[in-house]
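J.: One structure, pasted below without further comment.
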Amino acid sequence: MTAVIETIADLRAACDEARGAGRRVGLVPTMGYLHAGHRSLIRAARETTDFVVVTIFVNPLQFAPGEDLDRYPRDLEGDVRACEEEGADVVFAAPVAEMYPKPPKTRVSVADLTADLCGRARPTHFDGVTTVVAKLLSIVGPCTAFFGRKDAQQLAVVRRMVDDLSMPVDVVGCPLVREADGLALSSRNAYLSHDQREAATVLFESLRAAADAVAGGERDAATVAEMLRGSIAARDGVEIDYAEVRDAAEMTTLDRIEGEVLLAVAARLGETRLIDNVRLTVRGDTVTADLGTGFRPDGRE
Ligand code: AMP
């Protein structure tokens, strides 16, 4: 049975009690409208911890004015059902007035890692994310926290925050879950029209083609970034925000592709902004691509 908790005091007490009984606490922070990607995080938490807390909070701090805060899809009933099916112990669904009873004057901000990529188009976004994640970690206490590699920059930023602030938290990155045709699962996919949904497959197609080029020996980062841009730009209705080749931990630019490398893209389809990435491990001639899970590997045209 999954308990639904709506206050900070009750969540803190439940986590303290679980740890007091020797249980390891697992935290899965989300904005709700749960899909198979979120469910995979809950399952990962189930496998390695004993008391799984899923938080559902559409955090106003991480949306800029004019972004989709008001229309962000919400379905608390469905989310509680999904959490129950996946065996979560607690759903934390606090109203905004509980999380921010007064406008918060404090921000947790990670420098440099947040300056580019999604931080360029959304300059206040990551401060909103790190502030709410720090707050959730402060409420939940020592735990293992699970994040999806779908949001690769967010994962790097959260890891750095936890490290810099010596938070008593293990951060675990989980595989990116895709639709059968390769589109990365996202709550925002619900915004896409039929035509946009079809066009959106170009993101993964272009990432996979770029990963293939690296596997085939291409090591020039600018060439691979141009490949990504070219293939995305060729699809009608898809406007590139960025298509980049970066160091996977520091998000810095690269000349040559070697080590842990992120191929990262963001694009707009109408009003909807989607992101995707593929992580490469390149050691000399050996290239391993982390394409994620859930798609049909032979689904290529
Ligand atoms: P969100 O609800 O979009 O804020 O996402 C909550 C968590 O779920 C974050 O750690 C995301 O990275 C993760 N997540 C979202 N979509 C996916 C996906 N397709 N695969 C894996 N994890 C995901």
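J.: I'd like the full set of residues that are within 19 Å of the chain's Cα centre (by Cα) and part of a helix (DSSP H, G or I), limited to region 19-45.
T.: Hits for region 19-45 are A36, G37, H38, R39, S40, L41, I42, R43, A44, A45.
J.: What are the residues in region 224-242 that are open to solvent by 60 Å² or more (accessible area, probe 1.4 Å) and either of a type in the set (V, I, T) or touching a Cys at 6+ places or on another chain (Cβ under 7 Å) (or both), if any?
T.: none
J.: A further question on this structure: Residue by residue through region 290-301, note down the ones that are buried (at least 17 other Cβ atoms within 10 Å of the Cβ) and away from the ligand (no atom under 16 Å from the Cβ).
T.: Residues satisfying the conditions do not exist here.
Here's the yes/no breakdown for (1) assigned to a loop (DSSP other than H, G, I, E, B); (2) under 23 Å from G173 (Cβ atoms):
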{"residue": "A64", "(1), (2)": "yes, no"}
{"residue": "E67", "(1), (2)": "yes, no"}
{"residue": "D79", "(1), (2)": "no, yes"}
{"residue": "C83", "(1), (2)": "no, yes"}
{"residue": "V108", "(1), (2)": "yes, yes"}
{"residue": "D116", "(1), (2)": "yes, yes"}
{"residue": "L136", "(1), (2)": "no, yes"}
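J.: If you go through region 170-193, how many residues are among the charged types (D, E, K, R) and either at pLDDT below 95 or not in a loop (DSSP other than H, G, I, E, B) (or both)?
T.: 3
J.: Right, next: Restricting to region 173-207, give me the number of residues that are more than 10 Å from the ligand (Cβ to nearest atom) and aliphatic (A, V, I, L, M).
T.: 8
J.: Strands (runs of 3 or more DSSP E) wholly in region 194-301 with at least 1 residues that are at positive phi - which ones?
T.: 259-269
J.: Any chance region 259-282 includes a residue that's open to solvent by 40 Å² or more (accessible area, probe 1.4 Å), more than 22 Å from R159 (Cβ to Cβ) and among the small types (G, A, S)?
T.: Checked region 259-282: at least one residue is open to solvent by 40 Å² or more (accessible area, probe 1.4 Å), more than 22 Å from R159 (Cβ to Cβ) and among the small types (G, A, S).
J.: Another question, then. Kindly establish whether R256 is under 28 Å from V110 (Cβ atoms) and over 20 Å from the mean Cα position of the chain (by Cα).
T.: yes
J.: Filtering region 140-190 down to residues that are of a type in the set (S, T, Y) and farther than 26 Å from G22 by Cβ, which residue is most open to solvent (accessible area, probe 1.4 Å)?
T.: Ranking the candidates gives S186 first.
J.: Of all the residues that make up region 138-169, how many are aliphatic (A, V, I, L, M) and in a helix (DSSP H, G or I)?
T.: Qualifying residue count, region 138-169: 9.
The values are calculated or read from the model by the stated rules, or taken from the named source; none is laboratory data. In this text, all values refer to a predicted model and were calculated from it rather than measured experimentally. Glycine gets a Cβ as well: all are built from the backbone with ideal geometry, and neighbour counts include every protein chain shown. Each accessible area value is taken on the protein alone, full model and side chains, heavy atoms only, with ligands, DNA and RNA left out. Shrake-Rupley method; radii C 1.70, N 1.55, O 1.52, S 1.80 Å.
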